[in-house]
Amino acid sequence: MSRNKSDEIVLILTFLLLVSNLFWLMSPKRVTKCNTTSRDKKNVQIFLLAGQSNMSGRGGISRKVVGGNVTEVWDGFVPQECKPNRKIIRFNVAQKWEEAHEPLNYGIDCLASCGLGPGMAFANEILKKDTNFGVIGLVPCARGGTGLYRWIRGSYAYDDLIKRAKFALKDGGKIRGLLWYHGEGDIRTNIGSSSYKTKFERFVRDLRSDLNAPNLPILLAVLPYPKKPFEGPYIEVVRAAQLGINISNVIKFDAEGLEIGSDGIHLTTPAQIKLGHMFAHAFFSLSNFTSFSFYKFFPSNIFS
């Protein structure tokens, strides 16, 4: 088969996938009415979710052979910690608030399989710890396979994050923080890993400037070590860069120890739940810190 013919087939398949995603998003069964009142929306506590595929959500994803082709499918299992809650809403791909549900990132990263991520576990844990916290608005913006260079001002992932954040504020509310899980792509290259710290500091500076939020909290998960068959020769460089971030209101915690699936890089469903809880505890730790901090988690305080 000629290269041109192969390119045509790829384009056709990509188009069909896009169309199927649009129909899925617009299906009456997929429309979930947002019962949040206008008053609630004006007071919504907004969190931005950004990074790569583990933030998009890969919990419950497995590979299956369909029609002779290998495809990735989500098992559809939603644990209790990730169930919908009337006080949790999601800013969808159509820039509308709706009841939040798994898979949280679907439609945002619609050319990649989406499974369970940390967002719903995070929001439910916040409400469990503080019943008076109010309505939580989750704004998923993660994109799988994006090196940090894709999150620099002027790049698509970064610009879309800023656009979605500003649109989410049009009815009111306040951005309370950004959850960041990233680095899986940059551990594979010398260029990406060696410039990670500089690029991330630039990302935080530009983000806060563009959102007019100079003290915006950033919750940073330090990447865990991958396992075979995933190759990450520069994991130590990226981890050192993340651990070395020294910026006000950047709260770091080490995700090392979370269970990784058979592909060697993506977190399992139980690990995503723990990650969500770790993000929640990192957020609550903000009241105890006035500058940057490294929040150390132990098994005893992840669920305390």
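Could you tell me whether residue 132 is open to solvent by 40 Å² or more (accessible area, probe 1.4 Å), in contact (Cβ under 8 Å) with a residue 12 or more places away in the chain, polar (S, T, N, Q) and at negative phi? Answer is no for this residue.
Regarding region 248-267, can at least one residue be identified that is assigned to a helix (DSSP H, G or I), open to solvent by 40 Å² or more (accessible area, probe 1.4 Å) and touching a helix residue (DSSP H, G or I) at 6+ places or on another chain (Cβ under 9 Å)?
There is no residue in region 248-267 that is assigned to a helix (DSSP H, G or I), open to solvent by 40 Å² or more (accessible area, probe 1.4 Å) and touching a helix residue (DSSP H, G or I) at 6+ places or on another chain (Cβ under 9 Å).
Within the set 154, 137, 144, 115, the sole residue that is crowded, with 20+ Cβ neighbours inside 10 Å and within 24 Å of residue 238 (Cα to Cα) turns out to be 144. Only one of the listed residues (142, 213, 165) is part of a loop (DSSP other than H, G, I, E, B) and closer than 26 Å to residue 99 by Cβ. That residue is 142.
Please tell me if residue 133 is in contact with a Lys or Arg (Cβ under 9 Å, 6 or more places away or on another chain) and assigned to a helix (DSSP H, G or I). Criteria not met by residue 133. A Cβ distance below 6 Å, combined with a sequence gap of six or more or placement on separate chains, defines the contacts here; from region 191-211, residues that are on the phi < 0 side of the Ramachandran plot reach residues that are of a type in the set (D, E, K, R) and not in a helix (DSSP H, G or I) in the pairs 206/153.
Can you name the residue in region 93-112 that is out of contact with any Cys (no Cβ under 6 Å at 6 or more places or on another chain) and touching a residue at least 60 places away in the same chain (Cβ under 8 Å) and, of all such residues, is most open to solvent (accessible area, probe 1.4 Å)?
96
Contact annotation: residue pairs with Cβ atoms under 6 Å, 6 or more positions apart or on different chains, pairing a residue in region 176-190 that is modelled with pLDDT of 95 or more and assigned to a loop (DSSP other than H, G, I, E, B) with a partner that is open to solvent by less than 10 Å² (accessible area, probe 1.4 Å) and of a type in the set (A, V, I, L, M), are 183/223; 183/238. All but one of (1) at pLDDT 95 or above; (2) out of contact with any Gly (no Cβ under 6 Å at 6 or more places or on another chain) hold for residue 118; which doesn't? Evaluating residue 118 over (1) at pLDDT 95 or above; (2) out of contact with any Gly (no Cβ under 6 Å at 6 or more places or on another chain) leaves (2) as the failure.
Looking across region 90-106 at every residue that is under 13 Å from the mean Cα position of the chain (by Cα) and in a loop (DSSP other than H, G, I, E, B), the one that is modelled with the lowest pLDDT is identified as 106.
Candidates in region 61-81 are the residues that are out of contact with any Pro (no Cβ under 9 Å at 6 or more places or on another chain) and at pLDDT 95 or above; of these, the one that is nearest to residue 180 (Cα to Cα) is 81. Among the residues making up region 210-232, those that are open to solvent by 70 Å² or more (accessible area, probe 1.4 Å), over 23 Å from residue 160 (Cα atoms) and touching a helix residue (DSSP H, G or I) at 6+ places or on another chain (Cβ under 7 Å) are 225, 231.
Per the conditions (1) open to solvent by less than 60 Å² (accessible area, probe 1.4 Å); (2) more than 18 Å from residue 179 (Cα to Cα), the sole criterion not satisfied by residue 126 is (2).
Scanning region 211-227 for residues that are within 23 Å of residue 154 (Cα to Cα) and of a type in the set (Val, Ile, Thr) turns up at least one hit. Against the list (1) over 21 Å from residue 117 (Cβ atoms); (2) modelled with pLDDT of 95 or more, the condition residue 229 fails is (2). All conditions in (1) within 24 Å of residue 282 (Cα to Cα); (2) free of Cβ contacts under 8 Å to residues at least 24 places away in the same chain; (3) charged (D, E, K, R) hold for residue 150, with the sole exception of (1). Within region 74-89, being among the aromatic types (Phe, Trp, Tyr) and outside any loop (DSSP other than H, G, I, E, B) holds for one residue alone: 74.
The values are calculated or read from the model by the stated rules, or taken from the named source; none is laboratory data. Note that the structure is predicted; figures quoted are calculated from it, not measured. A quick note on method: Cβ atoms are made from the backbone with ideal geometry, for glycine too, and the neighbour counts reach across all protein chains shown. Remember, those area values only see protein heavy atoms, side chains included, never the ligands or the DNA or RNA. Shrake-Rupley method; radii C 1.70, N 1.55, O 1.52, S 1.80 Å.
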